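Structure first, commentary second.
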């Protein structure tokens, strides 16, 4: 996902920095892995406190509030998702070709 952020001309350096720092800032062991890369690549802050059934639950944030979140960030996050999937698919095809050749 970090490589895809580089190819898509997003902030891949910040994606790597936030990934290293915030990848465990979620109750789920897997959620913050990709969420931290996305937050870093888009220069936004995700997660944080949440309300459930009217009660506030304090939670850690992921990323830095470098800029406010805007509607277009949904498009950018989708581009990052599809760019990551395309890159992974391409690398798998290349890997299978190399394995078949050997």
Note on segment 62-102: alpha-carbon gyration tensor, axes a ≥ b ≥ c; rule is a/c under 1.5 for rounded, else prolate if a/b larger than b/c, else oblate; result prolate
Proxy exposure order for 24, 12 (fewest C-beta within 10 Å first) is 24, 12
Inter-part gap, Cα centre of segment 1-23 to Cα centre of segment 79-102, in whole angstrom, is 19 Å
Relative contact order in percent for the chain (Cα pairs under 8 Å, 6+ apart) equals 26 percent
Listing 1, 96 by rising number of other beta-carbon atoms within 10 angstrom, fewest first, gives 96, 1
For the chain, longest principal axis from Cα atoms; helix 12-22 axis from its Cα atoms; angle between them, nearest 10 degrees, is 60 degrees
Computed over the chain: longest principal axis from alpha-carbon atoms vs helix 72-101 long axis, angle to nearest 10 degrees, is 30 degrees
Taking Cα atoms only, helix 31-42 is inclined relative to the longest principal axis of the chain by an angle, in degrees rounded to 10, of 90 degrees
Protection proxy (average C-beta count within 10 Å per residue), highest first, orders 64-70, 17-23, 52-58 as 17-23, 64-70, 52-58
Summing -39500 (n - 2.57) over every DSSP H run of at least 4 in the chain, dividing by its residue total and rounding to the nearest 500, the 222 nm mean residue ellipticity is -19000 deg cm²/dmol
When 59, 9 are arranged by how many other beta-carbons sit within 10 Å of their Cβ, fewest first, they go 9, 59
Expressed to one decimal in nm², the mean projection of the alpha carbon convex hull of the chain is 8.1 nm²
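Coordinate-derived values only; no laboratory data. Since the structure is predicted, the reported quantities are computational estimates derived from the model, not experimental observations. Virtual Cβ from ideal backbone geometry, glycine too; neighbours counted across all protein chains shown.
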